[in-house]
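The values are calculated or read from the model by the stated rules, or taken from the named source; none is laboratory data. As the structure is a computational prediction, the values presented were derived from the model and not from experiment. Cβ atoms come from the backbone with ideal geometry, glycine included; neighbour counts cover every protein chain shown. To get the accessible areas, we keep the full protein, side chains included, count just its heavy atoms, and leave off ligands, DNA and RNA. Shrake-Rupley method; radii C 1.70, N 1.55, O 1.52, S 1.80 Å.
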Amino acid sequence: MEQTFPLLETERLVLKEITVEDAPSILNYLSDKEVMKYYGLEPFQTVKDAIDEISWYQSILSNKTGIRWGITVKGQLEVIGSCGFLNVDAQHARADIGFELNQTYWGQGIASETLKPIITYGFNQLQLQRIQALIEPANTASQMLVERHGFVREGLLRSYEYTCGKYDDLYMYSLLKRDFAMANNK
């Protein structure tokens, strides 16, 4: 991964490095029960929870196991969500993609607008061959989002994750570099 954090831009958004200064914004949406419903953690309570999350973003970057961008609307400083990769496996050229968004911005196409440059970065800069998305069956909005971006549902991983005091089933979705290239060279 690069030394300077890669800034990505779309028509409406700037995807930037998340810093400690963003903790209040992070707390704002990660304390929302609806946003956290499928996140795998309890809603955040304090700025310290947000700072711990930011520290995790920084640790996955320095360990080269992931990268997480803060989503901002052009001309505004507030981080309204995040998106990126975790569990980067260089040997097998694969990673998991994850994203969340402040509920105020749901239904505006922002998550969709964010995914394309992130996916492109994964295939081109990280040299991934496979991007995976693990999504709870009840999270139909995220399923529809990744399907619109060409992800294929491969199957159900039963009791795959233990979070918030329960075992969750997760659908495994994947997008392969060759499929993404074909879809974008039409």
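A few notes on this one:
- When Asn87, Asn124 are screened for being farther than 28 Å from Ser25 by Cα and free of Cβ contacts under 8 Å to residues at least 60 places away in the same chain, only Asn124 passes.
- In the range 10-36, the residues that are without any contact (Cβ under 8 Å) to a residue 40 or more places away in the chain and within 22 Å of Leu61 (Cα to Cα) form Cβ pairs under 6 Å with partners that are open to solvent by less than 40 Å² (accessible area, probe 1.4 Å) and of a type in the set (Phe, Trp, Tyr), at six or more places apart or across chains, as follows: Leu27/Phe44.
- Residues of the range 1-20 that turn out to be β-branched (Val, Ile, Thr), surrounded by fewer than 18 Cβ atoms within 10 Å (Cβ to Cβ) and within 16 Å of Arg68 (Cβ to Cβ), as a count: 4
- Looking only at the range 90-103, and only at residues there that are in contact with a helix residue (DSSP H, G or I) (Cβ under 8 Å, 6 or more places away or on another chain) and among the polar types (S, T, N, Q), the one that is surrounded by the most Cβ atoms within 10 Å (Cβ to Cβ): Asn102
- Subset of the range 164-179 [within 19 Å of the chain's Cα centre (by Cα) and within 30 Å of Gln127 (Cβ to Cβ)]: Leu170, Tyr171, Met172, Tyr173, Ser174, Leu175, Leu176, Lys177
- Listed by position, the strands (runs of 3 or more DSSP E) contained in the range 109-186 that have at least 3 residues being surrounded by fewer than 15 Cβ atoms within 10 Å (Cβ to Cβ) and not charged (D, E, K, R) are 152-163.
- Filtered residues of the range 44-81 (kept if among the aliphatic types (A, V, I, L, M) and either open to solvent by less than 70 Å² (accessible area, probe 1.4 Å) or closer than 29 Å to Lys166 by Cβ (or both)): Val47, Ala50, Ile51, Ile54, Ile60, Leu61, Ile67, Ile71, Val73, Val79, Ile80
- Filtered residue count, the range 21-43, keeping only those that are touching a helix residue (DSSP H, G or I) at 6+ places or on another chain (Cβ under 6 Å) and either among the β-branched types (Val, Ile, Thr) or loosely packed, with under 14 Cβ neighbours inside 10 Å (or both): 3
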